[in-house]
Amino acid sequence: MKRILGWGLSLLVAWFFLVPLIWMVHASLRPEAEIFRGGMLSIFSIDQLSWSNYADAWRRAQFGRALLNSIIQLVGIIGIGLWINSMAAFAFARMQFAGRDLLFALVLILVILPVEVLIIPLFLTARDLNLMGGYAATMGALIIPFTAKAVNVFFLRQHFLQLPTALEEAARVEGANWFQIYWHIALPSIKPALATVIVLDVLTHWSDFIWPLVVCTREETRTVQISLANLFTQPPIQYGAILACAVMATLPVLILFRWIQRHVVSSELAAGIK
């Protein structure tokens, strides 16, 4: 009986969270006049379903170009960010140098600063560096300010601290330098933590809106979220196309999380055990 009640409660909670998502997918397949008819109960209807809203959303939002821009942004932030943040985290965790603790404390202070506070300084810096206007420059403006993150440095540092010092000492005896220890020993040992950082960065920057809205001044530089928002202002306002665009914007994140979910779970499990 306890197991049945547990499963029933779990299904009820899962249904509570999944109903809006299911409704979004179902409504994106319905004609415009039928979207809000029937409320949430309409998800049980399979009449008049078609893919026309997706074709309209792809065309009106220029979703293909926006998707490419968002992918370039994420690849740049994650690729460069993993390199910078992991090296900084390894230095703070394993290397001894003057002022290390003070410098790390200053890095942690940056965690409490929201992006909204930094928008104007970032804009002025991007403008002075000529990162406004052209396509390549705008992609640089989307990527460069967010490659180094204090929260990622802190998170990876905690995992580097958990590695046994015996591996490092054995490598030093064999003549390995600090970079070899970092690249061949430390970094492969925290793959689950790196996967977690990737997921967090994707969730954060896939939904970026304020900063892309500031720097993406041309249509060819718009990201997915800006293209989705433009459907609310470009007449005719059609909620079928808006919902279809929302589904296409959500799908890549779900696929990525499903792909590396086991690494994220391994990271959280290891952190909980230790």
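Bear in mind that the values in this text are calculations on the coordinates, not laboratory data. Quick caveat, the model's predicted, so the values are computed rather than measured. In this analysis, Cβ positions are derived from the backbone assuming ideal geometry, glycine residues included, and neighbour counts consider all displayed protein chains.
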query: Assigning unit charges at the beta carbon (Lys, Arg +1; Asp, Glu -1) and nothing else, what dipole magnitude in debye, to the nearest 20, does the chain show about its Cα centre?
result: 400
- prompt: Using the per-residue mean of other Cβ atoms lying within 10 Å as a proxy for protection, in what order, highest first, do the peptides 243-254, 155-166 fall?
  reply: 243-254, 155-166
query: So what's region 61-273 giving for Cα Rg divided by 2.2 N^0.38 Å, two decimals?
result: 1.18
message: Can you find, among Thr233, Gly76, Trp23, the residue sitting farthest towards the positive end of the charge dipole of the chain, where Lys and Arg contribute +1 and Asp and Glu -1 at Cβ?
response: Trp23
For the chain, calculated [θ]222 nm from helices alone, where every DSSP H run of n ≥ 4 adds -39500 (n - 2.57): -22500 deg cm²/dmol
- prompt: Can you give the charge dipole size of region 105-218 about its Cα centre, rounded to the nearest 20 debye, using +1 on the beta carbon of Lys and Arg and -1 on the beta carbon of Asp and Glu?
  reply: 160
query: Sorted by packing (mean other beta-carbon atoms within 10 Å per residue), highest first, where do 222-230, 176-184, 143-151 land?
result: 222-230, 143-151, 176-184
Folded to 0 to 90 degrees: helix 2-27 orientation relative to the chain principal axis, Cα: 60
- request: Kindly express, to the nearest 10 degrees and within the range 0 to 90, the angle between helix 100-109's C-alpha long axis and the longest C-alpha principal axis of the chain.
  value: 10
